[in-house]
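The structure appears right after this line, and notes come after that.
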Amino acid sequence: MDSATSDRTALRATADNGLKIVVVGGFGVGKTTLVRSVSEIRPLNTEETMTRAGEDVDDISAVGSKTATTVAFDFGRITLDARNVLYLFGAPGQERFWFLWDRLFAGTLGAVVLVDTRRLADSWYAIDRLEHHGTPFIVACNDFGGPVHTEAQIREALDLPDEVPLVECDARDRSSSKYVLITLLQHLRTLSQEPPA
């Protein structure tokens with residue numbers, strides 16, 4: 001038996017519960033970077049080189065140094081314990097790929113809305129879709145060194161209720177990205193313990 005086959009068998013035998021998390025947000029906010037930084041496996045990604053043909057379709061003015069973009073989704077994995085694994089799906093950010101989001105949301109436990117505080121309006125669609133689907137989420141502000149906003153200013157700009165956690169992060173940093181996911185799991189646990197309305 002080759003090592004790839006034995007790895008798949010070992011995963012099937014130990015991962016009784018696969019928990020699906022989706023990372024969403026605007027174009028170029030760091031979704032792929034977050035999945036890469038925290039995944040224990042080499043992440044699957046569907047990044048393609050950005051070409052001149054896309055310049056007329058995608059607004060790249062705020063992400064001038066970006067050379068590749070996700071065209072389907074990113075996928076990563078984190079083992080929580082002997083029986084539970086977290087599957088991470090990073091959604092594409094451009095409007096032309098939003099039709100994929102509804103499929104990615106199917107079976108999702110919760111979501112992280114990753115935002116760039118320099119472009120808060122780019123996050124509205126993600127929040128709207130999650131609320132439409134009734135998917136619990138948190139908001140993580142990725143550090144791009146932009147203007148500093150208070151939590152109240154960000155909440156007001158996103159029309160974010162107080163009960164939705166808002167955290168800061170650096171998607172390039174593994175421990176920071178893990179903190180984001182821990183915050184989401186804690187939020188989901190809190191919601192599961194609340195009595196039904």
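The values are calculated or read from the model by the stated rules, or taken from the named source; none is laboratory data. What you see is a predicted model, and the numbers here were worked out from it, not measured in a lab. Methodologically, a virtual Cβ is constructed for each residue, glycine included, from the backbone with ideal geometry; neighbour enumeration extends over all protein chains shown.
Brief remarks on what is shown
- Verdict on residue 188 being over 14 Å from residue 31 (Cβ atoms) and surrounded by 19 or more Cβ atoms within 10 Å (Cβ to Cβ): no
- The set of residues in the range 65-105 that are of a type in the set (Asp, Glu), modelled with pLDDT of 65 or more and either under 14 Å from the mean Cα position of the chain (by Cα) or over 19 Å from residue 182 (Cα atoms) (or both) comprises 74, 102.
- Selection from the range 163-182 of residues that are polar (S, T, N, Q) and surrounded by 14 or more Cβ atoms within 10 Å (Cβ to Cβ): 176, 177
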